[in-house]
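Right, one structure below, let's go through it.
The values are calculated or read from the model by the stated rules, or taken from the named source; none is laboratory data. These numbers come from a predicted model, not from an experiment. A quick note on method: Cβ atoms are made from the backbone with ideal geometry, for glycine too, and the neighbour counts reach across all protein chains shown.
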């Protein structure tokens, strides 16, 4: 039996004997206490190991295997509770038991059918996460609570985030388009974010969503952290995992982005990430910059002791948010130069661009304020 389950069982008994509360409530309270004791040590526990290279927080999924990709039970994973996994779907069903955890599953591409209890959820993600970009996203998700068994079949790829559940919640399908696609930041740090599941609605502790970054732009900016349980001062304690995807998935070199992880206490690392790269983030600032050759998307999952996710902006860089309305107002007052589809084709022919190169030209021009007519 794991140390976490042992602690949960012991605390469960304590709550029942001394508080005379129902078992489910005692169990949730016990888990909250145990998670809190462990999580406040997460970044301190792994900072030096990551900085020295003893632990590598980056894992590359091969797109062929199925099961756990980031398992916090492993000694070489710098997390204590948050898990990530992936399934290469086929007609042969996967049988999954959630045990103490709750799951949020996100289809990457293809079709799926998930059955849990009396519920069956069917869906698809035709063309993958970039099929509708740079306009609205097509991300969807399914929530499965603790003590559940579900069956998963289909064709394509499905990933999941899992973490200790604090309450019992019913299974739920979050269809594409049901959550807002929000533009965050501006200029060089603009990105689009869809938050798919939160403790305010679907989950008891997990926060899961998808971020889309045009080529060359930053996300996770201005810098923020969520390293300690200090809600009164605007910060919560949440572990996090990113799962990176690129439109340009082929090629000898392929697309590339850079994931940073640093703080003011000795952690100062940069990691190259590619399509299907997962990164375990125990804490610290963790911005991402997309390379100029492809737009990217990354799924994010967080787990913490609080139902409220509070990200504390680093004061040294918080002024960037005050720049945004100035830049936005100036751009709104300027008449954008319009580039027709025929002009775009002329540029592409002259520069000898293939279809991908032409698409990247469109993205770069749009980010510079040009009104580009799409073919």
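Scan the range 286-301 and tell me whether some residue there is surrounded by 13 or more Cβ atoms within 10 Å (Cβ to Cβ), touching a strand residue (DSSP E or B) at 6+ places or on another chain (Cβ under 7 Å), within 27 Å of residue 245 (Cβ to Cβ) and outside the structural domain of residue 79 (by TED's automatic domain parsing).
No; the residues of the range 286-301 include none that is surrounded by 13 or more Cβ atoms within 10 Å (Cβ to Cβ), touching a strand residue (DSSP E or B) at 6+ places or on another chain (Cβ under 7 Å), within 27 Å of residue 245 (Cβ to Cβ) and outside the structural domain of residue 79 (by TED's automatic domain parsing).
Of the residues making up the range 332-354, not a single one is surrounded by fewer than 16 Cβ atoms within 10 Å (Cβ to Cβ) and within 30 Å of the chain's Cα centre (by Cα). Checking each residue in the range 253-306 for being without any contact (Cβ under 8 Å) to a residue 12 or more places away in the chain and over 20 Å from residue 356 (Cβ atoms) picks out only 264.
Checked against (1) under 21 Å from residue 82 (Cα atoms); (2) in contact with a strand residue (DSSP E or B) (Cβ under 8 Å, 6 or more places away or on another chain); (3) in contact (Cβ under 8 Å) with a residue 24 or more places away in the chain, residue 195 passes all but a single condition, namely (3).
Only one residue in 113, 102 is in a strand (DSSP E or B) and either out of contact with any strand residue (DSSP E or B) (no Cβ under 9 Å at 6 or more places or on another chain) or surrounded by fewer than 21 Cβ atoms within 10 Å (Cβ to Cβ) (or both). Which one? Give the derivation first.
On the way: 102 fails: either out of contact with any strand residue (DSSP E or B) (no Cβ under 9 Å at 6 or more places or on another chain) or surrounded by fewer than 21 Cβ atoms within 10 Å (Cβ to Cβ) (or both).
So the residue among 113, 102 that is in a strand (DSSP E or B) and either out of contact with any strand residue (DSSP E or B) (no Cβ under 9 Å at 6 or more places or on another chain) or surrounded by fewer than 21 Cβ atoms within 10 Å (Cβ to Cβ) (or both) is 113.
Pick from 188, 196: which is surrounded by fewer than 16 Cβ atoms within 10 Å (Cβ to Cβ) and not in a loop (DSSP other than H, G, I, E, B)?
Matching residue, one of 188, 196: 188.
Listed here are the residues, each with its yes/no results for (1) modelled with pLDDT of 90 or more; (2) within 28 Å of residue 159 (Cα to Cα).
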{"site": "21", "(1), (2)": "no, no"}
{"site": "24", "(1), (2)": "no, no"}
{"site": "28", "(1), (2)": "no, yes"}
{"site": "63", "(1), (2)": "yes, yes"}
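Conditions tested, residue by residue: (1) buried (at least 23 other Cβ atoms within 10 Å of the Cβ); (2) touching a strand residue (DSSP E or B) at 6+ places or on another chain (Cβ under 6 Å); (3) within 21 Å of residue 304 (Cα to Cα); (4) not assigned by TED's automatic domain parsing to the domain that holds residue 291.
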position: 228; (1), (2), (3), (4): no, yes, yes, no
position: 231; (1), (2), (3), (4): no, no, yes, no
position: 235; (1), (2), (3), (4): no, yes, yes, no
position: 240; (1), (2), (3), (4): no, yes, yes, no
position: 250; (1), (2), (3), (4): no, no, no, no
position: 255; (1), (2), (3), (4): yes, yes, no, no
position: 267; (1), (2), (3), (4): no, no, no, no
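The set of residues in the range 168-182 that are under 13 Å from residue 143 (Cβ atoms), out of contact with any strand residue (DSSP E or B) (no Cβ under 6 Å at 6 or more places or on another chain) and in contact (Cβ under 8 Å) with a residue 40 or more places away in the chain comprises 168, 169, 175. The strands (runs of 3 or more DSSP E) found entirely in the range 235-277 that carry 2 or more residues being within 16 Å of residue 301 (Cβ to Cβ) are 235-246. If only residues of the range 73-97 that are more than 22 Å from the chain's Cα centre (by Cα) and part of a loop (DSSP other than H, G, I, E, B) are counted, the one that is surrounded by the most Cβ atoms within 10 Å (Cβ to Cβ) is 93. Could you tell me whether any residue of the range 128-137 is in the same structural domain as residue 205 (by TED's automatic domain parsing) and more than 20 Å from the chain's Cα centre (by Cα)? Taking every residue of the range 128-137 in turn, none turns out to be in the same structural domain as residue 205 (by TED's automatic domain parsing) and more than 20 Å from the chain's Cα centre (by Cα).
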